[in-house]
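Remarks on the structure that follows.
The values are calculated or read from the model by the stated rules, or taken from the named source; none is laboratory data. Here the structure is a predicted model, which is why all the values come from computation and not from measurement. Neighbour counts run over all protein chains shown; Cβ positions are idealised from the backbone, glycine included. Heavy atoms of the whole protein, side chains included, go into the accessibility calculation; ligands, DNA and RNA do not. Shrake-Rupley method; radii C 1.70, N 1.55, O 1.52, S 1.80 Å.
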Amino acid sequence: MGRLYMAYWKSSWEKLEDVIKLEIKGELGRYPKGVKSLGNWVTPDITGFELLEVEDEKALFEYIRQWLPWMTKEDVFPVLSTKDYVTLRTSMPKE
């Protein structure tokens, strides 16, 4: 399994129609080799979240860069499952 990343993005109503048209045509939203989407969600205010499994960080850059012209915000964070975090936290020295 690759590393997990959470992409958090925000778009605008003005750009939404362009994004939808390009996605329908298959001109936007392609996943390069080394990046796999595990889920993609959007809220009513056009804020989105996508969980990505990444084998190649350069491919992640390639994937995210294609969206930047249509986004007002795009943040990407490495994430762990809660179980992995608890395991990591319990193995850390106490302060």
Can you send over the solvent-accessible area of Leu16, 1.4 Å probe, protein chains only, in Å² to the nearest 10? 40 Å²
Just to be sure I understand the model, the point goes 7 Å from the Cα along the line to the Cβ. What's the resulting Ser12 to Lys94 distance in nm? 5.2 nm
Please list, or write none, the lysines whose alpha carbon is within less than 26 Å of the alpha carbon of Lys83, excluding same-chain residues fewer than 8 places away. Lys36, Lys94
Assuming R0 = 22 Å, can you tell me the calculated FRET efficiency for the pair Leu38 and Phe77, based on Cβ-Cβ distance, to the nearest 0.05? 0.95
Which GluC sites (Glu not before Pro) in the range 1-83 pass both tests, a DSSP loop state and at most 13 other beta-carbon atoms within 10 Å? Glu27, Glu55
Heavy-atom accessible area per residue - the chain, 1.4 Å, Å²: 74 Å²
In straight Cα distance, which aspartates and glutamates are under 14 Å from Lys33, not counting same-chain residues fewer than 8 positions off? Glu53, Glu55, Asp56, Glu57, Glu62
On the accessible surface of the chain, probed at 1.4 Å with all protein chains in place, carbon and sulfur together account for a percent value of 59 percent
Out of every Cα pair in the chain, what percent are spaced more than 15 Å from each other? 66 percent
Please list Tyr85, Tyr5 from largest to smallest accessible area, probe radius 1.4 Å, with all protein chains kept in place. Tyr85, Tyr5
Compute the long axis of helix 82-91 from its Cα atoms, compare it with the longest principal axis of the Cα atoms of the chain, and write down the angle in degrees, 0 to 90, nearest 10. 30 degrees
